[in-house]
Amino acid sequence: MLNTPAFVVDTLALKRNAALLQEVAERAGVRMLLALKAFSMPAAAPYLYYSGTCASSVHEARLGVESFGGESHAFAAAFSEPDMRALMQLGIHHVTLNSFDQLARWRRIAAELGHTSTQVGLRINPEHSEGQVPIYDPCAPKSRLGIRRVAFEGQDLTGISGFHCHNLCEQNADCFVRTLAAIEAKFGDLLPQIQWFNFGGGHHITREDYDRELLIATLQDFRRRYPHITCYLEPGEAHVLKAGSFVCTVLDVVENDGPIVVLDGSAACHTPDVIEMPYTPRVFMDEAWSGEAEPRSAALRAGEPGERKVDVRLTGPSCLAGDVFGDYSFDRVPQIGDRLYFEDMALYTMVKTNTFNGIRLPDLVLRTAPNTFETVRTFGYDDFRSRL
Ligand SMILES: Cc1ncc(COP(=O)(O)O)c(C=O)c1O
């Protein structure tokens, strides 16, 4: 019996995603990285497909090198000088820098240490927005992410072997086609000088309606025109889409203009994107749940408010009034002791949890076969105390 709250990662679903990513990588002739920011559970690594990792900090870079293997890439809006030294000491394969000042610092430290093994790239800003939500749009006005073309004038690109452009968020291949056209329009004259191009993350490659053929054809065409360039994609979500559940138990049901269910899992502490993004996760109940990330057809899926017999608000145990997963409707009010399963909870969850209010972090569990669970990690008081 699983303890709750728990993140249950379904390795069967991971393998399905891995097969799709492998097919894209092989047919398009590109290298597929794993963006650790979205999902970085080392125990799940054997079920993923990646030729390396991309990190957003020294700690993620170290995790990539020590626990995931393959090529290690790193990018941050800015690295401190100790960060740069640490990345060099880790021996990461590629670093992407976000300004010419950062490049000057990297060059100085690398010269000091005699470090030459890391390939150095620059993140470019093609000034072409595909995102509707400004906080997820790297090309939004006043964005700090990526160097605009105007800033390249008069700069010395000696030693720059690649470019990086991350411009998408949960998007389809048509958005990539338009982004690539914008990149080529602005930076096309510089492409003959580089050896690698990292097209970032946000490609929702494993989603049912994703146009994988268009992505593959677009990358093949790019590679035909620039055969000297090695291409990378670095999705995070696509590796773990629809591959994890967040399992909670009902602790109480209070009444305030309708039933309010209080769970042992917290939106504020365990799924902060629900509040930050914000979005309302899908949820279901199923007494015969065998750990599958996608609910069986017999599962009782919650509806939108008004859709089923009774409207119910699902909330967490913390003091935050806004610790709310969302408003739903069910055929019956969930009772104390019932289990609820939030869907699609492998991505941007366990990497973002916090211990606000001292609330215990969820167990981390792998589902290796139907009804077969391996609890990889449990958390207790020491995890809370050690951060304070
Ligand atoms: C530079 C970079 N690479 C990769 C990713 C991963 O994106 P996703 O998880 O949406 O595929 C992100 C996400 O913010 C990013 O900023």
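Here are the numbers for this structure:
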| item | result |
| --- | --- |
| Residue in region 240-247 that is over 23 Å from residue 169 (Cα atoms) and part of a strand (DSSP E or B) present | yes |
| Any hit, region 285-305, residues being touching a Pro at 6+ places or on another chain (Cβ under 6 Å), over 30 Å from residue 258 (Cβ atoms) and surrounded by 13 or more Cβ atoms within 10 Å (Cβ to Cβ) | yes |
| Any pair with Cβ under 6 angstrom, 6 or more apart, that starts in region 213-228 at a residue that is charged (D, E, K, R) and ends at one that is modelled with pLDDT of 95 or more | 223/29 |
| Residues within region 1-36 that are assigned by TED's automatic domain parsing to the domain that holds residue 200, assigned to a loop (DSSP other than H, G, I, E, B) and buried (at least 21 other Cβ atoms within 10 Å of the Cβ), tallied | 2 |
| Strands (runs of 3 or more DSSP E) contained in region 331-388 and holding at least 2 residues modelled with pLDDT under 95 and surrounded by fewer than 19 Cβ atoms within 10 Å (Cβ to Cβ) | none |
| Some residue of region 208-228 being among the polar types (S, T, N, Q) and away from the ligand (no atom under 16 Å from the Cβ) | yes |
| Close pairs (6 angstrom Cβ cut-off, 6 or more residues apart or separate chains): over 12 Å from residue 291 (Cβ atoms) in region 1-22, among the β-branched types (Val, Ile, Thr) and not in a loop (DSSP other than H, G, I, E, B) anywhere | 4/247; 4/249 |
| Residue in region 188-207 that is within 16 Å of the ligand (Cβ to nearest atom), farther than 21 Å from residue 228 by Cβ and β-branched (Val, Ile, Thr) present | yes |
| Region 354-388, residues that are polar (S, T, N, Q) and touching a residue at least 24 places away in the same chain (Cβ under 8 Å) | 354, 355, 357, 368, 371, 372, 375, 378 |
| Set 74, 35, 25, 43: member being under 18 Å from residue 237 (Cα atoms), more than 16 Å from the ligand (Cβ to nearest atom) and hydrophobic (A, V, I, L, M, F, W, C) | 43 |
| Subset of region 303-330 (residues that are of a type in the set (S, T, N, Q) and either out of contact with any Lys or Arg (no Cβ under 7 Å at 6 or more places or on another chain) or part of a loop (DSSP other than H, G, I, E, B) (or both)) | 315, 318 |
| Residue pairs meeting the criteria (Cβ under 6 Å; at least 6 apart or on separate chains; first within 15 Å of residue 303 (Cβ to Cβ) and free of Cβ contacts under 8 Å to residues at least 40 places away in the same chain, in region 329-343; second of a type in the set (Asp, Glu) and buried (at least 17 other Cβ atoms within 10 Å of the Cβ)) | 329/311 |
| Test for residue 154: is it within 13 Å of the ligand (Cβ to nearest atom), more than 22 Å from residue 73 (Cβ to Cβ) and not in a strand (DSSP E or B) | no |
| Selection within region 306-330 - of a type in the set (A, V, I, L, M, F, W, C) and exposed (fewer than 14 other Cβ atoms within 10 Å of the Cβ) | 319, 321 |
| Given (1) within 26 Å of residue 278 (Cα to Cα); (2) away from the ligand (no atom under 15 Å from the Cβ); (3) crowded, with 21+ Cβ neighbours inside 10 Å, index of the condition residue 127 fails | (3) |
| Enumeration of residues in region 248-260 that are surrounded by fewer than 24 Cβ atoms within 10 Å (Cβ to Cβ) and not in a loop (DSSP other than H, G, I, E, B) | 249, 250, 251, 252, 253, 254, 255, 259, 260 |
| Close pairs (8 angstrom Cβ cut-off, 6 or more residues apart or separate chains): of a type in the set (Gly, Ala, Ser) in region 157-169, part of a loop (DSSP other than H, G, I, E, B) and more than 9 Å from the ligand (Cβ to nearest atom) anywhere | 161/194; 161/195; 162/194; 162/195 |
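Residue by residue, here is whether (1) in a helix (DSSP H, G or I); (2) buried (at least 18 other Cβ atoms within 10 Å of the Cβ); (3) in contact with a His (Cβ under 6 Å, 6 or more places away or on another chain) holds:
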residue	(1), (2), (3)
78	no, no, no
92	no, yes, no
104	yes, no, no
110	yes, yes, no
115	no, no, no
123	no, yes, yes
141	no, no, no
144	no, no, no
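The values are calculated or read from the model by the stated rules, or taken from the named source; none is laboratory data. If you're wondering where the values come from, they're calculated on a predicted model, not measured in any experiment. Positions of Cβ are backbone-derived with ideal geometry, glycine not excepted, and every protein chain shown enters the neighbour counts.
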